[in-house]
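**Q** Have a look at the structure that comes next, please.
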Amino acid sequence: MTVSSFQNDFFARTVDLKTILDVLDRIPEALFMIKNRESRYVYMSSALKAAINLDPDYNIVGKTDFDLFPKIVAETFRQNDLIVFQEGRTLLNEIHATALFSGPTRWFFSSKYPLHDQRGEIIGLITINHPYDQERSEQAELNQLLPAIEYITKNFGEKITIADLAARCAMSESHFMRIFKERIKMTAHAFLEQVRMYHALDAIRHSGESIAAIAYRCGFYDHSSFVKRFKKTTGTTPLKYRKQHLAKQAADLPIVLPELTDE
């Protein structure tokens, strides 16, 4: 199926898409994307491509989050998609960040809406993002966390304690941990490990550096513990992950998406 027929087939089956696009067209610099039921991109606005550092001419059609992001990040997006597909729910104003690992942190509210065909069945979703207003008082707690978040993204290879992060945000440890989990939807420890794992995955895929050296440089000082956490994240060992990535590059194999389940 060609790119145009892929899009046209999806658009032809979607009854509420035209209304949504008419609304979005009136929003300056709209940050939105459309996916089909397999979480493959049907459309992405140029403003969103710019926000995630994609070339404006990059052909997004048919791609998945697994083609664009590390597995640990892509799986989070996929799980949110599954909530929409399986439960028919709209996810409103979830907080996400762009340029999290490679530049200044930019926060966005992200909402996902199911898209239906003529029979009322869900065949995809549309995600709409908008930057949050850092001056609004109800978002002050999120602003207070930025020193800790930016410190983690720049110093992930160092030994980092909750006490140090809390101090950077002028909070007590207990208050910091509570606010972090409420606003970021994960603990500070989990966030730190996610950042470290992102860089480890990237280095394993794109460098010939030894696994042990990569683990240590990314803040995993116990090699055996790193291997266990890596396997929990990816389902395989670091060495096998590297070999599989090289094999996929050579064969240009498609990314296999997680299966839809009823759980």
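Taken together, the values in this text are just the output of simple stated rules run on the coordinates, not laboratory data. Since we're looking at a predicted model, the values are computed, not measured. Here Cβ is always computed from backbone atoms with ideal geometry, including for glycine, and neighbour counts include all displayed protein chains.
**Q** Residue by residue through the range 85-94, what is 3J(HN,Hα) from phi via Karplus (6.51 cos²θ - 1.76 cosθ + 1.60, θ = phi - 60°)? Round to whole Hz and write x for glycine and proline.
**A** Going residue by residue, I get 5, 7, 9, x, 8, 8, 9, 10, 6, 7 Hz, with x marking Gly and Pro.
**Q** Same structure again: Residue-wise, which Karplus ³J(HN,Hα) couplings in Hz belong to the range 32-37, taking 6.51 cos²θ - 1.76 cosθ + 1.60, θ = phi - 60°, and x for glycine or proline?
**A** Working through the residues one at a time gives 8, 9, 10, 10, 8, 4 Hz.
**Q** Each residue of the range 231-238 in order: what ³J(HN,Hα) in whole Hz does its phi give by Karplus 6.51 cos²θ - 1.76 cosθ + 1.60, θ = phi - 60°, with x for Gly and Pro?
**A** 5, 5, 6, 10, x, 8, 7, x
**Q** Skipping prolines and chain starts, which residues have an amide H placed within reach, meaning under 5 Å, of the one on H116, given they are 5 or more residues away or on another chain?
**A** Amide H neighbours of H116: V15, D16, I123.
**Q** Now a separate question. Could you state the per residue volume, in Å³, of the convex hull enclosing the Cα atoms of the range 155-205?
**A** Here the figure is 70 Å³ per residue.
**Q** Taking R0 as 22 Å, what FRET efficiency do you get between E158 and A213 from their Cβ-Cβ distance, rounded to the nearest 0.05?
**A** Here the calculated transfer efficiency is 0.85.
**Q** Still on this structure, I have one more. For M186, M44, what's the fewest-to-most ordering of other Cβ within 10 Å of each Cβ? Could you put the intermediate results ahead of the total?
**A** Working: M186 14, M44 21.
Ascending Cβ contact count within 10 Å gives the list M186, M44.
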